[in-house]
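Below you'll find the structure, written out as structure tokens, and then a few comments.
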Amino acid sequence: MPDHEDREDVERREVVLQRPLPCRTPISAPHHEAVLDVVVPVFNEEAELERSVRRLHAHLRERFPYSFRITVADNASTDATPRIAQRLSRELPEARWLRLEEKGRGRALRAAWERSSAPVVAYVDVDLSTELAALLPLVAPLISGHSDLAIGTRLAPGARVVRGPKREFISRGYNTLLRSALAVGFSDAQCGFKAVRRDVAERLVPLVRDEGWFFDTELLVIAERAGLRIHEVPVDWVDDPDSRVDILATALADLRGIVRIGTALARGTLPPAGLRRAGADGGPAQPPQLASQLVRFAAVGVVSTLAHLLLYAALRPAAGAQAANALALLVCAVANTAVNRRLTFGVRGRGGALRQQARGLVVLGVGLALTSGALAVLHHTVPDAGSRVELAVLVAANLAATLLRFLLFRAWVFGTAARRRRTGSHA
């Protein structure tokens, strides 16, 4: 059975990727048809559901200038949630109810979005932690044809967030891990406030494998790798103290998702180039994959090391050992950063070059501190260590420093410039 499901997955992906997306155009719809379908995924939310849906409905009626629909996607609730959702769908003309017999937020979103006929589909968490005033700025770039997806972000300048230190740490740590491991450009993967054009959702959603909390992270990673434009909106967000999300289980599931996506990226099996927009509106060039970046970084490192040795040998007679080593190291570090900037991480133009060089020198200092510190610890703990032990420690420290240097280059030195270049996202 798993092999059969894998074959079906491959066939489905191939069909989806056969043709590029058409150029984006502004969305127009007859007045009686919903332009926006807002999905509210729920599981056992009898206490919150009615108050939240009526508040969302009132806001859209009073402040949203387009026709809309609210879909309550109930994924296997066992309390009074189905009865409340069914009653709301009868009492509110713009509301409908969708019942699923299996749990999973991703599964609920997939089912609701695939059934929707609205040109823009979105979702909000049932607790409405995000201020609804951000809903129109969220979907406006999609309706106008400017962007393909839009997300609310709690981590961009201008956002106002009220939550405890534990959740703040987890959220920032998760998004930092995403940026480091997958080199993503979006700032907040898990804010429950997202929207996507339906023509894009029709192509993206079949490619997403996760059915739970990692669903929207995977959706965004695939969209970004396809060169689609992701718009970010800073939001006002207040933590729900009664949230029943199992943080540990969710974090473990997210980590498994990151490993799975990272493996697919390293193998070159994830990026869906066929999703690119046709014509001049297509996305920017596909970024180098992780494996390719590692190979290029290693090649640059080998050439840089040889250049360092040659330059040191040339300067040694006149400048002395320490001065020659320092000067050769500085020159090669600047050259190494410049070459990696262009060749490994695909950053072009002069914008930010000086800042990136300064960061490159900081990374060099971190590496030097790591290797020097390793030797200092060795000499402190084993004063009579021989040259072979010193060499072994130095080799291990250099390997760790090189890996750290690559990660810092990818996530910090060039990460922001490369992500902005390829995603066009902005806050």
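Stretch Ala249-Ala326 to full length: gain in nm at 0.36 nm per residue minus the Cα-Cα span? The Ala249-Ala326 span can extend by a further 22.8 nm. Computed over protein heavy atoms with a 1.4 angstrom probe, the accessible surface ordering of Lys194, Lys103, largest first, is Lys103, Lys194. At full extension, Arg63 and Val389 could sit 110.3 nm farther apart than now, given 0.36 nm per residue minus the alpha carbon distance. Its relative contact order, with pairs defined as Cα atoms under 8 Å and 6+ residues apart, puts region 291-342 at 45 percent. For region 322-396, the relative contact order comes to 24 percent (Cα pairs under 8 Å, sequence separation of at least 6).
Spacing of the modelled spin labels on Glu33 and Arg209, each 7 Å from Cα toward Cβ, amounts to 3.6 nm. You can think of it this way: the chain between Glu168 and Arg90 has 24.2 nm of extra reach, that is 0.36 nm per residue less the Cα-Cα gap. Note on Leu252: accessible area is roughly 80 Å² with a 1.4 Å probe, heavy atoms of protein only. Ligands, DNA and RNA excluded, the heavy atoms of Val302 present near 90 Å² of accessible surface to a 1.4 Å solvent probe. A Förster radius of 60 Å combined with the Cβ-Cβ distance from Ala80 to Leu407 puts the calculated FRET efficiency at roughly 0.75.
Roughly how much of Phe68 is accessible, in Å² to the nearest 10, using a 1.4 Å probe? Answer for Phe68: close to 20 Å² accessible. Each listed q (0.12, 0.13, 0.22 Å⁻¹) maps to a log10 I(q)/I(0) for region 96-237, found by the Debye formula over equal Cα scatterers with no solvent: -0.46, -0.55, -1.63.
Label sites at Ala335 and Val302, each approximated as a point 7 angstrom past Cα along Cα to Cβ, lie 1.7 nm apart. Here Leu294 and Leu177 are evaluated by their C-beta separation; at R0 = 30 Å the FRET efficiency comes out at 0.95.
If r is the Cβ-Cβ distance from His146 to His379 and R0 is 56 Å, what FRET efficiency results, to the nearest 0.05? Walk me through the numbers on the way to the answer.
Numbers: r = 60 Å, r/R0 = 1.07.
My answer for the efficiency is 0.40.
The values are calculated or read from the model by the stated rules, or taken from the named source; none is laboratory data. This is a predicted model, so every value here is computed, not measured. Neighbour counts run over all protein chains shown; Cβ positions are idealised from the backbone, glycine included. Accessible surface areas use protein heavy atoms only, side chains included; no ligands, DNA or RNA. Shrake-Rupley method; radii C 1.70, N 1.55, O 1.52, S 1.80 Å.
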